[in-house]
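Bear in mind that the values in this text are calculations on the coordinates, not laboratory data. A quick note: this is a predicted structure, and the numbers were derived from the prediction, not measured.
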Amino acid sequence: MICRPSAGSPGPEIRDQLRADRERPPSPARVATMLQSLNVNKVKLYDADPKVLSAFANTGVEFIIAISNDNVANMTDASRARSWLAQRVQPFLPQTRITCITVGNEVLSGTDTALMSNLLPAMQAMYQALVALGLSDQVNVSTAHSLAILSTSYPPSAGAFRPDLAQYVQPLLNFLAQIKSPFLVNAYPFFAYKADPSAISLPYVLFQPNAGVTDPTTNLTYDNMLYAQLDAVYAAMRSMGHADDVDVRISETGWPSKGDADEPGATVANAAAYNGNLLKKIAEGQGTPMRPAVPIDVYVFALFNEDLKPGPTSERNYGLFYPDGTPVYNIGLLAGSAFSPSPSSLFSSSAPNTNRKLLLITSWLGGILILLVVVILL
């Protein structure tokens with residue numbers, strides 16, 4: 001579970017991400033120095049590599065570690081889950097702060113039905129192993145989902161999970177409610193705009209002034225797409241009996257600073273507007289129209305551009321910084337900027353998706369693949 005700070009915590013907290021397909025891979029020491037200079041105190045790894053965890057011992061940095069999709073099946077066995085924890089987690093506690101384990105990423109929006117069937121048993125086995133080792137109060141378990149698990153997302157009040165996934169989603173929600181872990185979703189308004197730029201207002205997706213979109217059922221007005229997407233998830237969860245007992249966290253979002261000819265909107269100005277305006281929006285402390293009093297947790301990709309990653313140009317350009325550490329643009333992380341994160345700022349990420357390689361800005365940390373994501377928590 002990615003825990004929300006206490007009610008007395010000052011200001012927005014920020015997390016960020018590194019990338020695997022980059023030139024000049026940084027060493028763990030270099031990354032640690034950079035993250036500390038940016039007031040980062042939370043990091044999420046793609047794996048649970050001992051080299052990285054050891055490098056951050058006694059730094060105060062919290063870690064969310066991940067189990068990749070190709071290792072989910074192994075974790076359905078309780079003894080293997082316990083052995084994994086004994087090797088990958090216990091040796092580093094408490095010097096390295098490990099607070100969460102994500103089991104797989106976007107599993108339910110893939111096509112591997114065996115993997116889908118193994119997801120919840122793996123999460124349950126991991127949690128049971130944590131309990132057996134006396135770690136369940138320190139470390140929690142979750143998994144992240146693509147918005148593709150929704151059959152309907154507009155209007156937000158009509159949000160619903162795909163009927164073919166109900167057999168997986170319902171028990172998973174029940175389990176998350178039981179262990180008090182959040183439901184993680186990856187949401188990218190950029191993809192909606194890219195798919196139909198003539199029908200979607202750019203200011204609406206960039207958190208800029210616009211007329212807004214009104215839900216005809218609730219009469220609630222949305223001034224940005226991301227919040228509408230989040231409320232669609234809330235509505236879908238409510239339809240499965242989980243209206244307010246499971247938190248929802250946006251585990252991935254972002255905007256590219258460069259793209260191909262068929263990727264409209266992928267510019268430096270728009271990336272700066274999206275991420276910068278999102279930071280300011282979250283800093284206001286308001287929730288979505290459907291849940292105005294519920295603070296929003298958002299992970300924004302990414303710390304570095306990923307120069308060597310294949311695919312569309314946009315996939316190499318979600319970073320706030322170039323691989324050499326110079327800024328692509330400034331959204332308030334740099335000294336002297338108009339919007340400054342609090343001293344309690346933190347960085348993290350979600351696990352990568354092995355089936356759908358979208359926007360997962362990773363980095364080699366001394367040869368170890370890790371992820372970091374800019375996140376704002378109130």
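Assorted remarks:
- Entries of K258/K309; K180/K280; K280/K309 with Cα pairs more than 23 Å apart: K180/K280; K280/K309
- Evaluating 6.51 cos²θ - 1.76 cosθ + 1.60 at θ = phi - 60° for every residue in segment 290-303, the Karplus couplings come out as 6, 9, x, 8, 9, x, 10, 9, 9, 9, 10, 6, 7, 7 Hz, glycine and proline recorded as x.
- Once backbone amide H atoms are built at 1.01 Å from N, F63 has V43, R97, I98, T99 as its partners under 5 Å, excluding neighbours fewer than 5 places away on the same chain.
- Under 5 Å between amide hydrogens, built in the peptide plane, is the criterion, and for F183 it picks out D247, V248, R249 among residues at least 5 positions away or on other chains.
- Sequence-distant aspartates and glutamates (8 or more away, or on other chains) whose Cα lies within less than 18 Å of K51: E62
- Remark on D297: its backbone amide H falls under 5 Å from those of I250, a criterion applied only to residues 5 or more positions apart or on other chains, H modelled at 1.01 Å from N.
- For segment 129-136, the Karplus equation 6.51 cos²θ - 1.76 cosθ + 1.60, evaluated at θ = phi - 60°, returns couplings of 5, 4, 4, 4, 8, x, 10, 5 Hz by residue, with Gly and Pro reported as x.
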